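The values are calculated or read from the model by the stated rules, or taken from the named source; none is laboratory data. On a predicted model such as this, the values are computed, not experimentally measured, just so you know. The protein model used for the area step is the full one, side chains on, heavy atoms only, and it has no ligands, DNA or RNA in it. Shrake-Rupley method; radii C 1.70, N 1.55, O 1.52, S 1.80 Å.
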Amino acid sequence: NRRAIQKEMEKARKISPDGIIGFNIMTALKDYAQHVKAAVQAGANLIISGAGLPTELPALTQESGTKIAPIVSTDRSAQIILKYWDRKYNRTADLVVIEGPLAGGHLGFKKEEVKAYMGEAYKAEIQKILRTVRCYAEKYGRYIPVVTAGGIYDSADVKEALADGIDGVQIATR
């Protein structure tokens, strides 16, 4: 996988010479640090990281110019990551991705918690996350975009997310 990062970066750069190209790297990987370093060396513009708390991501991307984005599922996870990065690295996120209970993959919820975070309850959680992110944006004097993922099926869902204060949506295979 580490060798493939450079090849995939080259392919992506040919398709989009001026585009923003990023990698989604799970903290649960055995060689997480090596994967992040390989993406940075390949010239990644952005690294999105979840499937655990990406506590060391700022250190792994330090002085590279690569932007960093944690994936969070709850306000608690957002607070933990952003507070840790602030205290240990004097750094904050460049982007935050919220993966709700309808997102696929490695959710930040226990099976019994998923039902509790559906519908309006999760909308309230998103507002808490947005407030947390805005506090760090204010502290660092810059805007931190927030993207949401999971349960986005059509333009009505996109419009609803934007109306709720989200900056963008991440859509994957349904």
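Residues that are aliphatic (A, V, I, L, M) and under 18 Å from the mean Cα position of the chain (by Cα) within segment 140-174 comprise Ile144, Val146, Val147, Ala149, Ile152, Val158, Ala161, Leu162, Ile166, Val169, Ile171, Ala172, listed in sequence order. Scanning segment 81-126 for residues being at pLDDT 95 or above, within 15 Å of the chain's Cα centre (by Cα) and in a helix (DSSP H, G or I) gives a total of 3. Considering only residues in segment 133-158 that are of a type in the set (D, E, K, R) and either assigned to a loop (DSSP other than H, G, I, E, B) or modelled with pLDDT under 95 (or both), the one that is farthest from Leu82 (Cα to Cα) turns out to be Asp154.
Restricting attention to segment 55-76, and to residues there that are farther than 19 Å from Leu29 by Cα and not in a loop (DSSP other than H, G, I, E, B), which single residue is most open to solvent (accessible area, probe 1.4 Å)? Ranking the qualifying residues of segment 55-76, first place goes to Arg76.
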